[in-house]
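The values are calculated or read from the model by the stated rules, or taken from the named source; none is laboratory data. What you see is a predicted model; the values in this text were computed from it and never measured. Neighbour counts are summed over all protein chains in view; Cβ atoms, including those assigned to glycine, are modelled from backbone coordinates with ideal geometry.
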Amino acid sequence: MTSHPQTPPILSAEGISVTYPNGTQALRLFSLHAKRGEFIAIIGPSGCGKSTLLRVLAGLLSSNEGQVVFNGQRLRQPNPAISLQFQDSALLPWRTVEENIRLPLELGITNDTTHPQSLIPNSQARPTPNPQLLISLVGLAGFEQAYPRELSGGMAQRVALARALITQPPILLLDEPFGALDALTRERLTEALETIWRALSMTTILVTHSIQEAIFLADRVVVCSPRPGHIMGEVAIRLPRPRHWAMSATPEFGQLLQEIRALLNPLP
Amino acid sequence: MSATEKLRVTNQINLSKYALPWLGVSGVFVVWHMISLSYPPFILPSPLLVAERFIDRLQDGTWFFHTTATFTEALAGLGCGVILALLLGYAIAKLDWIDRLLSPIVVASQGIPFIAVAPLIFIWFGNGMGAKILLCTLIVFFPILINVVVGIRNVSPTLRDLFRVYHASPWQSLTKLEIPAALPTLIGGLRVGGTLSVIGAIAAEFTSASRGLGFMIQQGNNLYDTALVFVGVLTVIALALMLYISIGWLGHKLIKI
C-alpha cells in the first residue's frame, strides 16, 4: 500500500500521445508509473483524454507515440490481467447478476492460456474468489438472480465492479465508475470501493472528475490538463486508512482540495 | 382505490384486452354477411356459404391436401431463406469487403419483381417443389438479411471491448454476445419473413401447380366458385397468422431481456 521507490512499476505509460483520425489530439506525451498495490486517481476537466488514457492502458487502443509497459513487457493488446470497468456498467441484459459476474471466468475457460500475454503475472497462487463472497463484498447479496433492468444505476455499477474483480486482476482500471450516480449513492460506493481495495490490494487507476472522490480513494492524485491531456501536477495523499467521509471535514482534506484546485485552475 | 373499484378496473382491462379483438373480427363477419345479401354468391358469397364450402372440402380431404402442400413449401422456403440470410448477413455485418462486394448486388436484386418473373423460374428450374421453395426463399431472404445485419452491427461497442479485454474467441463472441444481443431484431425479421413465405408459396402455386392453396384459389376463380376462393384466402390468412404468432412466441421464450 505504501510506495517503495525501489520497486519497479507494474504498469507504466511512457510518453503516450494519441491523435484521433479526425485530427484531435487526445493525449500528448503522457507518462505515468503505477507501483504494485498503489491507488492512483487521475483528475481533469471533461475531454482531457482520461478515457483515452484508460483505453490505452487496457490495451484496447494503441497510441501513436510512446508505449505501455506491463510487468516489464510492452503491452500490445488487451490483457485479462488488466481489468477495466467502463463508464456505463456494460452488463449483458440477458444475464442475471451472478451470470454477469461469472462472465470473465466463462470466457477464460477456453482461453489460450499458453499465450504469453494472457498469463497473469503474480506467481503467488491467488485462488479465484468465490463469486458469492464477491457479491456480498460489493453489497449485492440477495440480488444474484436479478436481471440488470431490475437494478438501479448504483447496483449495476456494483455488479460491474464485482465482474472486474472476479479474475483477481493485479490491475484494475476504473473509468468514472460513479459518474452517473447521485451524490449519496456515490459516497457509499466510494467507501465500498476503498474497503474492497484494501481487502484485495490490486493496483488501481481511477479516472474521475470529482476532487473529493480522488482524495478519498487515492494514494496519489494526478492532475491532467485540458486537451491534449498531459500531466500538470501530482499530489500525494497521506491520509490514514481506512478512510471515511468524516475526514472530508478535516483541515488536511481541505488543504489537499485547495492544492488540487490550484493545479486544475492555474492563475494566469 | 377500493377493492371493488380495483376489480372493476381489472375487468375493464380484461374486457378491452380480450373481448375487443373478437368484437372487431365478428363485426367484419356481420358486415360482410349484410353486404352479401344484396349480391349473387359468385360476386360475394355470404360467410355461411363459405363455411359450408369449407366443411365440404374438409370432408373430401382436399382442404388438408392443399394446405399441407402450401405449408410445406412456405416452411421450407422460410428455412432456406433464414439460413442463407443468417450466413450472408453475418458476413456482411462483420467483413467490410464482403459488404462492399455483395451489398449492391443484394440490394439491386430486391428490385426484381419475383412474382412477375415466377414463370421464368419455373422454366429454368422445372415445375417441381424445388422451384416453389426457391421462389419462397427469394422473397423471404431480404427482410431477414437486413435484420441480421442491423442486429449484429448494433451490438454495443463497449460490450465488444469487454469481450476483447477477456480475450474472447470469435465463437465465444458469437454465442455469448452477438446472438443474444441481436436476437430481438432477428425475431422481428423472422416474423415478417414468416408472413412473406406464405405469400411466396401462393404466388408460386398461382404460376404453376397442381396442388396447394394457390392452386385451389385459382380453381375457384376459374369455376366462379367464389366461396372456394374465400376458403383459400382465409386459410392463407390463418397460416400466416400462425407463423407470425409462433415465431413471436419462440422469441418470447428465447429473449430474457
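The residue that is farthest from B:Ile121 (Cα to Cα), among those in segment B:198-237 that are in a helix (DSSP H, G or I) and among the polar types (S, T, N, Q), is B:Thr226.
When A:Arg261, A:Arg227, A:Arg238 are checked against the criterion of being of a type in the set (Lys, Arg) and over 30 Å from A:Val18 (Cβ atoms), a single residue qualifies: A:Arg238.
Residue count for segment A:155-187, restricted to those that are closer than 25 Å to A:Pro45 by Cβ and not aliphatic (A, V, I, L, M): 10. Scanning segment A:10-43 for residues that are more than 15 Å from the chain's Cα centre (by Cα) and surrounded by 24 or more Cβ atoms within 10 Å (Cβ to Cβ) turns up A:Ile16, A:Ala26, A:Leu27, A:Phe30. Checking each residue in segment B:151-191 for being more than 10 Å from every other protein chain (Cβ to nearest Cβ) and of a type in the set (Gly, Ala, Ser) picks out B:Gly151, B:Ala182, B:Gly188, B:Gly189.
Against the definition (buried (at least 18 other Cβ atoms within 10 Å of the Cβ), among the β-branched types (Val, Ile, Thr) and over 28 Å from the mean Cα position of the chain (by Cα)), how does B:Val165 come out, yes or no? Taking the combined requirement at face value, the residue satisfies it. With respect to being over 14 Å from the mean Cα position of the chain (by Cα), touching a residue at least 40 places away in the same chain (Cβ under 8 Å) and surrounded by fewer than 20 Cβ atoms within 10 Å (Cβ to Cβ), A:Arg227 fits the description. The numbered conditions (1) part of a helix (DSSP H, G or I); (2) modelled with pLDDT of 85 or more are all true for A:Leu206 except (1). Before we move on, is B:Ser46 without any contact (Cβ under 8 Å) to a residue 60 or more places away in the chain and touching a helix residue (DSSP H, G or I) at 6+ places or on another chain (Cβ under 7 Å)? Considered against the rule, which asks whether it is without any contact (Cβ under 8 Å) to a residue 60 or more places away in the chain and touching a helix residue (DSSP H, G or I) at 6+ places or on another chain (Cβ under 7 Å), B:Ser46 comes out as yes.
A:Thr52 fulfils the conditions (1) more than 14 Å from the chain's Cα centre (by Cα); (2) in a helix (DSSP H, G or I) except for a single criterion, (1). Could you figure out which of (1) at pLDDT 90 or above; (2) assigned to a loop (DSSP other than H, G, I, E, B); (3) touching a Phe, Trp or Tyr at 6+ places or on another chain (Cβ under 9 Å) isn't true of A:Leu103? Condition (2) is where A:Leu103 drops out. From the list B:Ile92, B:Ile115, the one residue that fits, being in contact (Cβ under 8 Å) with a residue 40 or more places away in the chain, buried (at least 19 other Cβ atoms within 10 Å of the Cβ) and either of a type outside the set (Ser, Thr, Tyr) or closer than 15 Å to B:Leu196 by Cβ (or both), is B:Ile92. Restricting attention to segment B:47-76, the residues that are within 26 Å of B:His33 (Cα to Cα), buried (at least 19 other Cβ atoms within 10 Å of the Cβ) and of a type in the set (Asp, Glu) add up to 0.
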